[in-house]
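**Student:** Here it is, the structure, as structure tokens.
Throughout, read-outs are computed from the coordinates displayed, never taken from laboratory work. Keep in mind the model is a prediction, meaning the values are calculated, not measured. Glycine gets a Cβ as well: all are built from the backbone with ideal geometry, and neighbour counts include every protein chain shown.
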Ligand SMILES: C[S@@+](CC[C@H](N)C(=O)[O-])C[C@H]1O[C@@H](n2cnc3c(N)ncnc32)[C@H](O)[C@@H]1O
């Protein structure tokens with residue numbers, strides 16, 4: 001019996017070693033030709049999915065030539081701003097930025113192929129649709145207040161304002177990182193009369209008015225459950241009657257999770273639709289005021305609660 005299980009363990013180990021060898025050989029070839037071509041994208045993803053926890057460090061050592069801020073994935077890995085998900089990397093995703101350096105460009109193209117990156121671009125489109133819907137709701141000519149938590153590059157605001165001639169929204173924008181605010185102000189310089197930036201932590205920020213909409217994407221997935229519920233409960237109080245709060249969060253089905261974690265050292269709290277609904281319940285919001293939206297890939301979910 002003991003002999004049999006040892007044999008099984010040995011052969012499992014052999015398979016693992018063979019896969020590992022194959023992966024390292026493949027990665028070395030990719031590095032020599034400065035990155036993958038589109039036909040190799042799915043092979044990389046399948047191989048990364050096979051990486052075991054004990055192989056992560058050696059894999060990162062092999063990948064070291066590209067894990068620097070010049071590639072998007074390396075920017076995530078090295079965190080030049082000190083944390084994951086800063087405004088600059090998000091802006092690179094929105095802009096479909098590809099470093100022209102031949103050592104980086106194929107890796108950046110590969111990054112934009114990742115479903116998680118596509119979902120981030122989709123969430124910007126979803127934000128713009130939601131702003132337009134709020135803008136068109138109710139009384140014409142009446143100003144509507146929007147609060148954005150973790151506003152980052154404020155790209156969605158920029159595209160919304162550019163594409164909405166009869167805008168009635170004014171925005172309060174909260175971000176912890178002054179660099180994000182400086183960037184967003186510069187990007188939106190023609191709309192500054194509609195935008196009020198506040199360099200604050202959303203955990204400590206207390207509004208002094210009520211809002212028709214509170215929007216947040218790319219922020220709550222960095223918070224533990226208890227902070228998620230705390231913030232939901234707190235900001236729900238600042239919704240005007242009929243107002244709504246929409247909070248984005250990566251879904252548990254994110255197919256890019258492993259590559260983000262292993263190559264990008266980018267960890268998020270992934271949450272299912274049921275978990276998001278449960279958070280609303282825990283925040284004391286009734287079920288009939290709660291629903292979950294999704295962008296077309298279903299990778300970014302959005303908890304929507306109404307007052
Ligand atoms: C991933 S970006 C998302 C930006 C934007 N919401 C979007 O979807 O494009 C997250 C932003 O939240 C900001 N942030 C992170 N923690 C924060 C906190 N506790 N309070 C306020 N802002 C925060 C970061 O500085 C960053 O600009």
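**Student:** Rounded to whole Å and sorted largest first, what semi-axes of the equivalent ellipsoid does the C-alpha gyration tensor of the range 118-306 yield via the square root of 5 times each eigenvalue?
**Tutor:** 25, 20, 16
**Student:** Between 232, 17, 149, where does the largest GNM mean-square fluctuation fall for the chain, given springs only between Cα atoms within less than 10 Å?
**Tutor:** Of 232, 17, 149, the Gaussian network model singles out 17 as fluctuating most.
**Student:** I've got another one for you. Considering only C-alpha atoms, what is the centroid distance from the range 101-148 to the range 208-284, in Å?
**Tutor:** If you average the Cα positions of each part, the centres end up 16 Å apart.
**Student:** Using only the alpha-carbon atoms, how far is helix 273-282 inclined from the longest principal axis of the chain? Give it as 0 to 90 degrees, nearest 10.
**Tutor:** The angle comes out at about 50 degrees.
**Student:** Sticking with this structure for a sec: Can you put 47, 173 in order of Cβ neighbours within 10 angstrom, beginning with the fewest?
**Tutor:** Fewest-to-most Cβ neighbours within 10 Å comes out as 47, 173.
**Student:** In addition: Pick from 208, 158, 145: which residue has the top mean-square fluctuation in a GNM of the chain where Cα pairs under 10 Å get a spring?
**Tutor:** In this elastic network of the chain, the residue with the biggest mean-square fluctuation among 208, 158, 145 is 208.
**Student:** If you restrict to DSSP beta bridges whose two residues both lie in the chain, what percentage is antiparallel, to the nearest 5?
**Tutor:** 40
**Student:** Cut-off 10 angstrom, C-alpha nodes, Gaussian network model of the chain. Which of 127, 154, 240 fluctuates the most?
**Tutor:** 240
**Student:** Let me ask something else. For the modelled label position 7 Å from the Cα of residue 163 along Cα-to-Cβ, which residues of the range 102-133 have backbone nitrogen atoms closer than 14 Å?
**Tutor:** 121-133
**Student:** Helix 115-136: angle to the longest alpha-carbon principal axis of the chain, degrees 0 to 90, nearest 10?
**Tutor:** Helix 115-136 sits at roughly 10 degrees to that axis.
**Student:** Now for a separate question. Over the Cα atoms of the range 1-159, what Rg and Dmax result, in angstrom?
**Tutor:** Cα radius of gyration and Dmax of the range 1-159 are 21.8, 81 Å respectively.
**Student:** Right, another one. Taking Cα pairs under 8 Å and at least six residues apart, what relative contact order does the chain come out at, in percent?
**Tutor:** Result for the chain is 16 percent.
**Student:** How many nm is it between the label spots at residue 234 and residue 129, if each spot is 7 Å from the Cα in line with the beta carbon?
**Tutor:** 3.0
**Student:** List 24, 238 from most exposed to least, where exposure is judged by having the fewest other Cβ atoms within 10 Å. Spell out each step's value before the answer.
**Tutor:** Numbers: 24 15, 238 18.
In order of increasing Cβ crowding within 10 Å: 24, 238.
**Student:** Just want the ordering: 272, 256, 151, from fewest to most Cβ atoms lying within 10 Å of their own Cβ.
**Tutor:** 272, 256, 151
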